[in-house]
Amino acid sequence: MSGKWLLRMVVSPLLAAAFSFQAAAAWPQALTQAKGAVLIEAASGRVLAEHRCHEPMPNASTTKIMTALLALEQEEIDESFVVDAAAIRTEGSSIGLLEGDQATLRTLAWGMLLASGNDAANAAAVRIDGSLEAFCGRMNRRAAELGMQDTHFCSPSGLDVGDHHTTAYDLALLAREALSNDDFAEMVRSKSAKLCYGNPPYHRWLTNHNRLLWQYEDCIGVKTGFTKAAGRCLVSAAERSGLTLIAVTLNCPDDFNVHRQLYEEAFSALEFLDVSDTLGSLSVAVTGAEQERVPVEPLWAPGAYLTAGERSHYQLSVRLEPFLYAPVRKGQPAGEITLTLEGVPLSAVPLIAAEERPARFSEYRSIIQQVKDFFEFPEQYRFPLSQGGPASASSASQN
């Protein structure tokens, strides 16, 4: 077991057919209003409900989630540059870029995510990779890294070009990754922003196209989209009491209402289950201390958001280090608690030492500490290890 001792504690055996979140509520029927849809928990990534979520289809400007994320991951995103004149000549929504305008990648990301600027997406793509085609290659490589197995990008903006497609599930994976970027998360939850660009740059206000930010107080983003081929597309996220959910609907005429309904039902059905009381007393052996063991505790409350029916089906695993060497610091890593449901990891919490354990013979320094002390000692007072003793005063002065 790679030198680790695994203590497995099964709270309750998994039943042959575990309780389904979808079976708990009537709301999944709302998902069928979309051609493709999914609802996931952001922390674990588990699917709570879905409707044809792996079926590829066009996704319009929700594509800009990827384009903006890649722009924000570049170095020097606040460096001003002149946008490419050919790139900004595009159809559809724009932020009003003109030939000769100056902007930054950060400003263009704001423009993509709030006003859904196709010109901003193209300008960022050419700035980063020199051409739209090269940037689309970057988009597809990143999609593969994120496990977006049914996605192929042909446009930075999401216009209906070539075989441009993705799935509701893949977009949920993308949104989950993008929300971990602080700049991205700030932008998509903003209802408006004051930006500076132009020739010369001047300030102007952009308003977020995502009306769910006004209609649902728990909404924290993410991106709308529409083309004739894709229909109304919406990737959104909502947060309440520490629980973050991500919903995606593709080609859904009533998308804002569907997302609100999904969130209300999900937040009502899911409740945090703290499993601290099921752990009992945990400790790890200590080598080289007066006391042979040290108690360990979770770094934060272990648990997961579960429905009432799921609370009897989860599985809890506790991994402890085989032993720790003294001295042991309070807070030193000592293992991990993992909670799973039907084999899907829901949470992982580090276990740490709850107390200190000094070394048994603290007056004797270890070999490792002696070597460390030697290299930290002023160089002029060190002696060659091969001589076996300190240099004489005369030889030191000659050097």
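The values are calculated or read from the model by the stated rules, or taken from the named source; none is laboratory data. Just so we're clear, the structure is a prediction, and the values are computed from it rather than from any experiment. Every residue, glycine among them, receives a Cβ derived from its backbone with ideal geometry; neighbour counts consider all protein chains shown. Quick note on the areas: whole protein, heavy atoms, side chains included, nothing else; ligands and nucleic acids left out. Shrake-Rupley method; radii C 1.70, N 1.55, O 1.52, S 1.80 Å.
Of all the residues that make up the range 63-96, how many are assigned to a helix (DSSP H, G or I) and without any contact (Cβ under 8 Å) to a residue 40 or more places away in the chain?
As a first pass, look at the range 63-96 and keep what is assigned to a helix (DSSP H, G or I): 63-72.
So of that shortlist, the ones also without any contact (Cβ under 8 Å) to a residue 40 or more places away in the chain come out as none.
Looking only at that region, the number is 0.
Yes or no, residue by residue, for (1) over 21 Å from the mean Cα position of the chain (by Cα); (2) surrounded by 17 or more Cβ atoms within 10 Å (Cβ to Cβ); (3) over 22 Å from Met57 (Cβ atoms):
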{"position": "Val126", "(1), (2), (3)": "yes, yes, yes"}
{"position": "Ala134", "(1), (2), (3)": "yes, no, yes"}
{"position": "Ala143", "(1), (2), (3)": "no, yes, no"}
{"position": "Thr151", "(1), (2), (3)": "no, yes, no"}
{"position": "Ser155", "(1), (2), (3)": "yes, yes, no"}
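Would you mention how many residues in the range 110-127 are in contact with a helix residue (DSSP H, G or I) (Cβ under 6 Å, 6 or more places away or on another chain) and in a helix (DSSP H, G or I)?
First, the residues of the range 110-127 that are in contact with a helix residue (DSSP H, G or I) (Cβ under 6 Å, 6 or more places away or on another chain): 110-113, 116-117, 120-121, 123-125.
Next, only the ones that are in a helix (DSSP H, G or I) stay: 110-113, 120-121, 123-125.
Total satisfying the criteria: 9.
Could you check, for the range 45-57, whether at least one of its residues is surrounded by fewer than 16 Cβ atoms within 10 Å (Cβ to Cβ), among the charged types (D, E, K, R) and farther than 29 Å from Tyr305 by Cβ?
No: zero hits.
Can you name the number of the only condition in (1) loosely packed, with under 14 Cβ neighbours inside 10 Å; (2) modelled with pLDDT of 85 or more; (3) farther than 27 Å from Glu41 by Cβ that Trp300 fails?
Of everything listed in (1) loosely packed, with under 14 Cβ neighbours inside 10 Å; (2) modelled with pLDDT of 85 or more; (3) farther than 27 Å from Glu41 by Cβ, Trp300 misses just condition (3).
Name, by its number, the condition in (1) farther than 21 Å from Glu177 by Cβ; (2) not in a strand (DSSP E or B) that does not hold for Tyr263.
Every listed condition holds for Tyr263 apart from (1).
Ser241 fails exactly one of the following numbered conditions: (1) open to solvent by less than 10 Å² (accessible area, probe 1.4 Å); (2) at pLDDT below 95; (3) polar (S, T, N, Q). What is the number of that condition?
(1)
So is Thr224 assigned to a strand (DSSP E or B), under 30 Å from Thr207 (Cβ atoms) and in contact with a strand residue (DSSP E or B) (Cβ under 6 Å, 6 or more places away or on another chain) or not? Outline the logic, then answer.
Values: assigned to a strand (DSSP E or B): yes; under 30 Å from Thr207 (Cβ atoms): yes; in contact with a strand residue (DSSP E or B) (Cβ under 6 Å, 6 or more places away or on another chain): yes.
Yes, satisfied.
Kindly provide the set of residues from the range 97-106 that are surrounded by fewer than 24 Cβ atoms within 10 Å (Cβ to Cβ) and touching a residue at least 24 places away in the same chain (Cβ under 8 Å), ordered by number.
Step one: filter the range 97-106 for residues surrounded by fewer than 24 Cβ atoms within 10 Å (Cβ to Cβ), giving 98-102, 104, 106.
Across the range 97-106, the qualifying residues are Leu98, Gly100, Asp101, Gln102, Thr104, Arg106.
Residues in the range 308-317: is at least one among the acidic types (Asp, Glu), open to solvent by less than 60 Å² (accessible area, probe 1.4 Å) and modelled with pLDDT under 95? I'd like the intermediate steps shown before the answer.
Taking the range 308-317 as the starting set, the residues that turn out to be among the acidic types (Asp, Glu) are 310.
Checking which are open to solvent by less than 60 Å² (accessible area, probe 1.4 Å) leaves us with 310.
Those still in the list that are modelled with pLDDT under 95 too: 310.
Yes.
Could you count how many residues in the range 309-362 are in a strand (DSSP E or B) and out of contact with any helix residue (DSSP H, G or I) (no Cβ under 7 Å at 6 or more places or on another chain)? Quick ask: steps written out before the conclusion?
The initial filter retains those residues of the range 309-362 that are in a strand (DSSP E or B), namely 315-320, 324-325, 328, 333-341, 344-353, 357, 359.
Narrowing further to those that are out of contact with any helix residue (DSSP H, G or I) (no Cβ under 7 Å at 6 or more places or on another chain): 315, 317-320, 324-325, 328, 333-340, 344-353, 357, 359.
Final tally of qualifying residues: 28.
Would you say Glu186 is under 15 Å from Glu73 (Cα atoms), open to solvent by 50 Å² or more (accessible area, probe 1.4 Å) and not in a strand (DSSP E or B)? Walk me through it before giving the result.
Working: under 15 Å from Glu73 (Cα atoms): yes; open to solvent by 50 Å² or more (accessible area, probe 1.4 Å): yes; not in a strand (DSSP E or B): yes.
Spelling it out, Glu186 is indeed under 15 Å from Glu73 (Cα atoms), open to solvent by 50 Å² or more (accessible area, probe 1.4 Å) and not in a strand (DSSP E or B).
Looking at Asp119 and the list (1) at pLDDT 95 or above; (2) more than 22 Å from Ser180 (Cα to Cα); (3) open to solvent by 20 Å² or more (accessible area, probe 1.4 Å); (4) not aliphatic (A, V, I, L, M), which single condition is not satisfied?
Of (1) at pLDDT 95 or above; (2) more than 22 Å from Ser180 (Cα to Cα); (3) open to solvent by 20 Å² or more (accessible area, probe 1.4 Å); (4) not aliphatic (A, V, I, L, M), only one is false for Asp119: (3).
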